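Structure, as structure tokens:
The values are calculated or read from the model by the stated rules, or taken from the named source; none is laboratory data. In this text, all values refer to a predicted model and were calculated from it rather than measured experimentally. So basically every Cβ, Gly included, is an ideal-geometry build from the backbone, and we count neighbours across all protein chains shown. Only protein heavy atoms, including side chains, enter the accessible area calculation; ligands, DNA and RNA are left aside. Shrake-Rupley method; radii C 1.70, N 1.55, O 1.52, S 1.80 Å.
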Amino acid sequence: MSLKHLATALAATGAAFIVYVGLSYLLAPQATAAGFGLPTWPQHEGAAFLAVKGVRDVATGLVIFALLFTGQRRGLGWAMAAITFVPAGDMVVVLANDGAAAQAYGVHGATALAVALTAGLLLRERPVPAAHAAAEPARS
């Protein structure tokens, strides 16, 4: 598998996963929240904040899919570099609020590392000149 294919697979998998997480927060917020790593969650009127997280996660995945599907690989690399802030920030929030260190590092930290790695792979790709790309035979 080439690095380009690996970067594509990582980006698509990450997008699908974060859309799934976002939908989980929208459809079953209290059940999903327990896996985030914080010791407490909003109750009653405050539970709407879990839906905000769900919307954020779905939007993040849709941005990745949009850039991937339109072939904007350099833009996708920069977007994923910026998106790395989300799981890294989540890790810091969990740790700063007496949350579970295992979830902070194992879920959020590992996700930040995977997103940053994917961004790095995408940003190191060299663009194929248009004339050269048109002359290459299609590969399956």
Quick check on the chain: helices-only [θ] at 222 nm, where DSSP H runs of length 4 and up contribute -39,500 (n - 2.57) each and the sum goes over total residues. Nearest 500, please.
-22000 deg cm²/dmol
Any helix of the chain counts here only if DSSP assigns it H throughout, its Cα atoms span 30 Å or more along the axis, and its mean Kyte-Doolittle hydropathy is at least 1.6, and such helices are 48-69
Answer rounded, prolate or oblate for the range 1-91, using the Cα gyration tensor with square roots of eigenvalues a ≥ b ≥ c: rounded when a/c is under 1.5, else prolate when a/b is larger than b/c, else oblate.
prolate
What FRET efficiency do you get for residue 93 and residue 9 if R0 is 30 Å and r is their Cβ-Cβ distance, rounded to the nearest 0.05?
0.55
Give the carbon-plus-sulfur fraction of the accessible surface of the chain in %, rounded to a whole number; probe 1.4 Å, heavy atoms of protein chains only.
71
I'd like the Karplus ³J(HN,Hα) series for the range 100-106: coefficients 6.51, -1.76, 1.60, θ = phi - 60°, whole numbers in Hz, and an x wherever there's a Gly or Pro.
6, 4, 4, 6, 4, 7, x
Two-site FRET efficiency, residue 34 against residue 72, from Cβ-Cβ distance with R₀ of 25 Å, rounded to 0.05
0.10
